[in-house]
């Protein structure tokens, strides 16, 4: 499992991209989906996920839909139009960052010749 | 798969609230998340409460409130960033407006007052309040936050006072005086004693305290100078000039009374002019004796009554060359400085003498015309 510092810096990108692909998800579903997709290498903590979801909602990247299960309220998150754009930007940014890191850490010597 | 009952949901809700999750939306999220874990990751046999106690610690490192704090921080971060941006813009605007205002003022160009006013208001009501909010959010100790915010509030009071002074608005002196005195006598010692014992900021504390005391002292001395000695001397000289001329005219007028035929109007004018003049001389005497306008309270109504009678009488003479005496300066005479008060009285005295002289001059001309 990767360290929480590494995950924290990429959490917004992970959440936005996942919602872009899946459409509508709730909190627990997001953590489980990430865990499954990465074979448990990335486990999003609830302590990091919910503050991020609330912040993305406030900044207009996400919108929510409530579903009542008895006394329980389940909040489904979907990307807004602005969120779709941000998701693409974040993914591009992270891809470039990873390539630079590869080059910086001398993991992909070919990049230097490109 | 087990199902979390409504009673158990209510229990979780109350427990989360008791653990410091105050944001309802966040609590709803966490309740659903906990319920999902319990439903998917526990057996039917496991006791709900034991299971809940087992699941909960995975949500935090030390205490559950961390999620609430983190959410608050993230929600406020955007505002915080915007506020810093506004503070920077207002800071730059303040510097620009004050500099432009100073240039316009020194070149006597129009728009200086408006520019100063805008600059001052941007500084006092945008830059300083945002700075206080940002400082309060900083990680510094509570004492530092309180002391710093107190200082900024005083700076606001002084800045507003200065703007009011430039614009000649009321309460300017009160704001500047109280702000500067509290700043120098209370804030600087408070700043000094709360920081001096910390070795890493000892030097800065001493330098800043000296600078602030110097600033406070200079501001205070500037306010206290009120008006210059040169101005006072000039005003006094002016008073004597006006007074001496009036006296000369009064003397000449006495000779002219003898040169004109006796009439009721001339007698009345002589008597009423003398009455007003006696009142004026009495007031000048009081001013010279007290060196202040505070002792004039009883004399002002008497003079005003005499002046009203005089102006009514002058009106009955139907002579366009005779002017009614303006009493607006006398109405505020107790609130102005001694030299200015003496000037106002001397001007009234001169107008009296001129009116008398004009009346008598006309009478002399009429007499000569009749004789020819």
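The values are calculated or read from the model by the stated rules, or taken from the named source; none is laboratory data. Given the structure is predicted, the values throughout are model-derived calculations rather than measurements. Note that each Cβ is placed from the backbone with ideal geometry, even for glycine, and that neighbours are counted across all protein chains shown.
Just one of A:5, A:57, A:46 is within 14 Å of chain B (Cβ to nearest Cβ), closer than 18 Å to residue A:74 by Cβ and out of contact with any helix residue (DSSP H, G or I) (no Cβ under 8 Å at 6 or more places or on another chain); which is it? Steps first, please.
Working: A:5 fails: closer than 18 Å to residue A:74 by Cβ; A:46 fails: out of contact with any helix residue (DSSP H, G or I) (no Cβ under 8 Å at 6 or more places or on another chain).
None of the others qualify; the one that does is A:57.
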Checklist entry - With B:182, B:158 as the choices, which residue is on the phi < 0 side of the Ramachandran plot, free of Cβ contacts under 8 Å to residues at least 60 places away in the same chain and either assigned by TED's automatic domain parsing to the domain that holds residue B:120 or in contact with a strand residue (DSSP E or B) (Cβ under 9 Å, 6 or more places away or on another chain) (or both)? => result B:182
Checklist entry - Hey, any hits in region B:88-96 for a residue that's over 24 Å from residue B:157 (Cβ atoms), within 52 Å of the chain's Cα centre (by Cα) and in the same structural domain as residue B:164 (by TED's automatic domain parsing)? => result no
Next on the checklist: I need the full set of residues from region B:14-23 which are surrounded by fewer than 19 Cβ atoms within 10 Å (Cβ to Cβ), part of a helix (DSSP H, G or I) and either touching a helix residue (DSSP H, G or I) at 6+ places or on another chain (Cβ under 8 Å) or away from chain A (no Cβ under 12 Å) (or both), in order please.
Outcome noted: B:15, B:17, B:18
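When you check residue B:85 against the structure, is it modelled with pLDDT under 90 and under 30 Å from residue A:45 (Cβ atoms), yes or no? Don't jump to the end; show me each part of the working.
On the way: modelled with pLDDT under 90: yes; under 30 Å from residue A:45 (Cβ atoms): no.
Answer is no for this residue.
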Item to check | Those residues of region B:331-372 which are without any contact (Cβ under 8 Å) to a residue 12 or more places away in the chain and outside any helix (DSSP H, G or I), in sequence order | outcome: B:332, B:372
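Please pick out the residue among A:92, A:39 that is more than 14 Å from every other protein chain (Cβ to nearest Cβ), assigned to a loop (DSSP other than H, G, I, E, B) and more than 12 Å from the chain's Cα centre (by Cα).
Just a single option satisfies the conditions, and that option is A:39.
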Checklist entry - Does residue B:49 meet the test of being under 19 Å from residue B:36 (Cβ atoms) and part of a helix (DSSP H, G or I)? => result yes
Checklist entry - Any residue in region B:259-278 that is under 41 Å from the mean Cα position of the chain (by Cα), touching a residue at least 40 places away in the same chain (Cβ under 8 Å) and not assigned by TED's automatic domain parsing to the domain that holds residue B:144? => result yes
Checklist entry - Among the residues of region A:1-48, which ones are loosely packed, with under 15 Cβ neighbours inside 10 Å and in contact with a strand residue (DSSP E or B) (Cβ under 8 Å, 6 or more places away or on another chain)? => result A:23, A:24
